[in-house]
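Peer 1: Okay, here's the structure, questions in a sec.
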Amino acid sequence: MARLTGKVALVTGGAKGIGNAIARRFVEEGARVALAARTIEQASAAAQALGEGVLPLALDTTSDAQWRAAIDAIDQEWGGLNVLVNCAGVTIGASLVDTDDANWNQHMDVNLRGPFMGCRAAIGLMGRDGAPGSIVNISSAFGVRVTPGFAAYSISKAALNALTRVLALECAAQKLPIRVNTVIPGGIETEMFEEELRRTGMERDKAYALFSRIHPMGRIGKPEEVAEAATWLASDASSFTTGVELAVDGGSTIRT
Ligand SMILES: NC(=O)c1ccc[n+]([C@@H]2O[C@H](COP(=O)([O-])OP(=O)(O)OC[C@H]3O[C@@H](n4cnc5c(N)ncnc54)[C@H](O)[C@@H]3O)[C@@H](O)[C@H]2O)c1
């Protein structure tokens with residue numbers, strides 16, 4: 001039985017990687033999906049690949065005006081919103097002292113201020129009809145076990161975890177039927193991972209061997225495995241779960 005039938009979902013960073021896998025899984029599970037990407041061309045191409053009825057949206061998640069326009073477009077199209085997945089993210093490795101202002105600002109803008117503005121913009125529409133709502137923030141194992149060499153990234157994701165808990169408690173205190181949770185991926189085989197290989201010049205085999213050691217389960221994860229966790233959090237099956245960090249990381253955040 002489809003787990004998201006009747007739900008309307010917005011997925012940011014939906015054109016590729018983990019966001020695309022989540023959008024795909026949500027469609028398979030019966031949701032009506034608004035697929036957001038930085039440009040309408042990217043969003044339209046990805047939406048088309050997922051079939052009929054996926055709404056492409058241009059949404060640079062660092063723009064509050066674009067967030068509000070996206071939420072309005074969903075309201076006009078479907079008259080409500082049940083699920084928001086904040087997946088858009090960036091990672092540019094640098095140690096703290098080597099982090100320049102541009103690196104710092106980009107991480108904070110995309111990984112933290114974007115989801116903040118998204119939650120703020122979405123929550124009015126999500127809470128409007130009293131239907132259950134679910135916000136899923138895609139964070140990172142680096143935000144739990146902060147990682148040297150990824151200073152601003154780790155800090156932005158740790159702050160996103162804190163944002164999630166704050167909002168979960170505030171929604172509960174206000175008796176809003178909106179749950180707010182984080183998924184904590186470990187190393188996942190996506191373009192982001194490939195980009196890090198290019199940036200560091202690390203050989204693929206060595207990188208895979210390294211990540212396999214970091215993950216006690218001895219391998220790298222797949223976008224579909226993250227999509228599965230996001231689907232459970234988005235669905236009513238997780239109706240008593242809020243404020244959690246659900247790790248999909250082969251055990252890396254609990255390793256000693
Ligand atoms: N791949 C991994 O190993 C890994 C591990 C842990 C966490 N994550 C997190 O998962 C999420 C998705 O990462 P991915 O691996 O699929 O990477 P990816 O590079 O394949 O996808 C990132 C997406 O975010 C989009 N994006 C970036 N800046 C944006 C902006 N300002 N507005 C709108 N979209 C923007 C990109 O266009 C892209 O579609 C990120 O938040 C990332 O931090 C990834």
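Peer 1: Would you kindly identify the strands (runs of 3 or more DSSP E) lying entirely within region 1-80 that contain at least 3 residues that are in contact with a helix residue (DSSP H, G or I) (Cβ under 9 Å, 6 or more places away or on another chain) and either under 21 Å from residue 183 (Cβ atoms) or of a type in the set (Ser, Thr, Tyr) (or both)?
Peer 2: Counting at least 3 such residues, we get 8-11, 32-37.
Peer 1: Filtering region 13-23 down to residues that are near the ligand (Cβ under 6 Å from one of its atoms) and surrounded by 24 or more Cβ atoms within 10 Å (Cβ to Cβ), which residue is farthest from residue 36 (Cα to Cα)?
Peer 2: In this case the residue turns out to be 18.
Peer 1: Of these, 172, 162, 158, 131, which one is under 23 Å from residue 223 (Cβ atoms) and surrounded by fewer than 20 Cβ atoms within 10 Å (Cβ to Cβ)?
Peer 2: The unique qualifying residue is 158.
Peer 1: Right, next: Are there any pairs with C-beta distances below 6 angstrom linking a residue in region 1-29 that is among the hydroxyl-bearing types (Ser, Thr, Tyr) to a residue that is surrounded by 23 or more Cβ atoms within 10 Å (Cβ to Cβ), with the two at least 6 apart or on different chains, and if so which?
Peer 2: Once the first residue is among the hydroxyl-bearing types (Ser, Thr, Tyr) and sits in region 1-29, its partners that are surrounded by 23 or more Cβ atoms within 10 Å (Cβ to Cβ) give 12/36; 12/61; 12/86; 12/87; 12/88.
Peer 1: Of the residues 206, 222, which is loosely packed, with under 14 Cβ neighbours inside 10 Å and either over 17 Å from residue 11 (Cβ atoms) or out of contact with any Ser or Thr (no Cβ under 7 Å at 6 or more places or on another chain) (or both)?
Peer 2: Matching residue, one of 206, 222: 206.
Peer 1: If you don't mind, there's one more thing I want to ask. Report the residue count in region 81-113 for those that are part of a helix (DSSP H, G or I) and touching a residue at least 12 places away in the same chain (Cβ under 8 Å).
Peer 2: Qualifying residue count for the region: 10.
Peer 1: Next question. Given (1) more than 19 Å from residue 131 (Cβ to Cβ); (2) surrounded by fewer than 19 Cβ atoms within 10 Å (Cβ to Cβ), identify the lone condition not met by residue 252.
Peer 2: The failed condition is (2).
Peer 1: Additional query: For region 29-42, which residues satisfy the criterion of being surrounded by fewer than 23 Cβ atoms within 10 Å (Cβ to Cβ), within 16 Å of the ligand (Cβ to nearest atom) and either within 17 Å of the chain's Cα centre (by Cα) or within 20 Å of residue 5 (Cα to Cα) (or both)?
Peer 2: Of everything in region 29-42, just one residue is surrounded by fewer than 23 Cβ atoms within 10 Å (Cβ to Cβ), within 16 Å of the ligand (Cβ to nearest atom) and either within 17 Å of the chain's Cα centre (by Cα) or within 20 Å of residue 5 (Cα to Cα) (or both), namely 38.
Peer 1: Oh, and also: Residues in region 72-92 that are among the hydrophobic types (A, V, I, L, M, F, W, C) and either at pLDDT below 95 or buried (at least 24 other Cβ atoms within 10 Å of the Cβ) (or both): how many?
Peer 2: 7
Peer 1: Only residues that are surrounded by 18 or more Cβ atoms within 10 Å (Cβ to Cβ) and over 23 Å from residue 14 (Cα atoms): list them for region 95-109, please.
Peer 2: Hit for region 95-109 is 99, nothing else.
Peer 1: Sticking with this structure for a sec: Got a sec? Which of 2, 45, 69 is in contact with a Gly (Cβ under 8 Å, 6 or more places away or on another chain) and either modelled with pLDDT of 95 or more or of a type in the set (D, E, K, R) (or both)?
Peer 2: 2
The values are calculated or read from the model by the stated rules, or taken from the named source; none is laboratory data. Since the structure is predicted, the reported quantities are computational estimates derived from the model, not experimental observations. Glycine also receives a Cβ, built like all others from the backbone with ideal geometry; neighbour counts cover every protein chain displayed.
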